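Chemist: Before we start, here is the structure in question, set down as structure tokens.
Derivation of every value follows stated rules applied to the coordinates shown; laboratory data play no part. Quick caveat, the model's predicted, so the values are computed rather than measured. All Cβ positions, even for glycine, are placed from backbone atoms using ideal geometry, and neighbour counts span all protein chains on display.
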Amino acid sequence: METSNAKTNGRTLKVLFNCAKCPGYCCSYDRIEVTKKDLLRLAKHFKLSYKDAEKKFTKIAWGDRVLRHRKDRVFKSICQFFDQTARRCTIYEARPEVCREYPDNVRCAYYDFLKAERRRQGDEDFIPSA
């Protein structure tokens, strides 16, 4: 089993998954919340004003400010900052706090699913398609 370390609530946890082998499941969450601090970081990253970054990158959904999405071939939709070819975040250094904290547990349910599917398919690079 591949492992890495994650920080959560000031603790370092040995996590039981490898995000590098995931097609971006957490990036497909509808609610990727964005705080004022997150927007300031994004604005700086893209050399935009706070208001321009807010308008360009976010929307209000479920009463919260969240990142905008776009259509995806694996999941119905995915974060607009996700590279759909490389299946990686394009703003990793500027990503929102919720992304920095994810996962807040030692296990990722999607990783367990993906690992089982890859074993069943006999293909270590298998990614379910839409």
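Chemist: What order do you get for 59-66, 118-125 when each peptide is scored by the mean count of other beta carbon atoms within 10 Å, highest first?
Modeler: On the way: 59-66: 12.8, 118-125: 9.9.
Ranking, from highest mean packing down: 59-66, 118-125.
Chemist: Just need log10 I(q)/I(0) for the stretch 4-121 at q = 0.19 Å⁻¹, Debye formula, equal scatterers on the alpha-carbon atoms, no solvent, rounded to two decimals.
Modeler: -1.11
Chemist: Pairwise over distinct Cα atoms, reciprocal of the mean inverse distance: report the Kirkwood radius of the stretch 69-130 in Å, one decimal place.
Modeler: Numbers: mean 1/r = 0.0748 Å⁻¹.
One over the average 1/r among Cα pairs gives 13.4 Å for the stretch 69-130.
Chemist: Mind listing the phi-derived Karplus ³J(HN,Hα) values for the stretch 110-123, rounded to whole Hz, using 6.51, -1.76 and 1.60 with θ = phi - 60°, and x for any glycine or proline?
Modeler: Result, rounded to whole Hz: 5, 4, 4, 4, 5, 4, 5, 5, 5, 5, 4, 7, x, 9.
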